[in-house]
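Just below is one structure, and these are the notes that go with it.
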Amino acid sequence: MIDDKELQSALSGFSSQSFSLRTVHLLMYLFTNTNVRKIGPKEFTSVFYSLQNWRGIFERFDRDRSGRIDAPELRDALLDLGYSVSPTVLDLLVSKFDKTGGKNKAVEYDNFIECCLTVKVISPNKHLYVFAFDGVRLAELPL
């Protein structure tokens, strides 16, 4: 079994991309359905292959090869994954997951994974509209 920090280190060692602990925690939850911060070899293998798929999706929609996905690219990626988001929600997602606090208006690979996993968690019916955020700031949504 490895813990969250060991997984973060291992994943960062496989690519030039560092992964935040928040993204690591979301990945761990995705493959264990628990908040226990440890995974075994089976889950690690699943996480590793999942990240390869996420990388492929990210690169396919990073059309300008900037290393970041802007709002139109993110919308298309989410649609490809089966998630329909309104323009307002798309703007909220880009603002929330842009490492520069919204200045670049784009999402890097690590935060792209976190963004997609967040959409998956809060939108099981695959439609995310403004009313989903009524009275709740995106930053406060439970994960």
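The values are calculated or read from the model by the stated rules, or taken from the named source; none is laboratory data. Note that the coordinates shown come from a computational prediction; the quantities given were computed from them, not determined experimentally. Ideal geometry is used to build each Cβ from the backbone, glycine not excepted, and the neighbour counts take in all protein chains shown. Accessible surface areas use protein heavy atoms only, side chains included; no ligands, DNA or RNA. Shrake-Rupley method; radii C 1.70, N 1.55, O 1.52, S 1.80 Å.
Where the centroid of each part is defined by its Cα atoms, how far is the stretch 1-70 from the stretch 75-119 in Å? About 16 Å separates the Cα centre of the stretch 1-70 from the one of the stretch 75-119. At a 1.4 Å probe radius, carbon and sulfur cover how many percent of the accessible area of the stretch 2-122? The C+S portion of the solvent-accessible surface of the stretch 2-122 is 51 percent. Once the convex hull of all Cα atoms in the stretch 2-122 is built, its volume per residue stands at 102 Å³.
How long is the gain from Leu79 to Lys42 if the chain were fully straight, where each residue apart is worth 0.36 nm and the alpha carbon distance is subtracted? Provide the component values of the computation, followed by the final result.
Details: separation 37, 0.36 × 37 = 13.32 nm, distance 2.95 nm.
The span from Leu79 to Lys42 would gain 10.4 nm if fully extended.
Of the residues Met28, Ala106, Ser95, the one whose Cα sits farthest toward the positive end of the charge dipole of the stretch 2-122, with +1 on the Cβ of Lys and Arg and -1 on the Cβ of Asp and Glu, is Met28.
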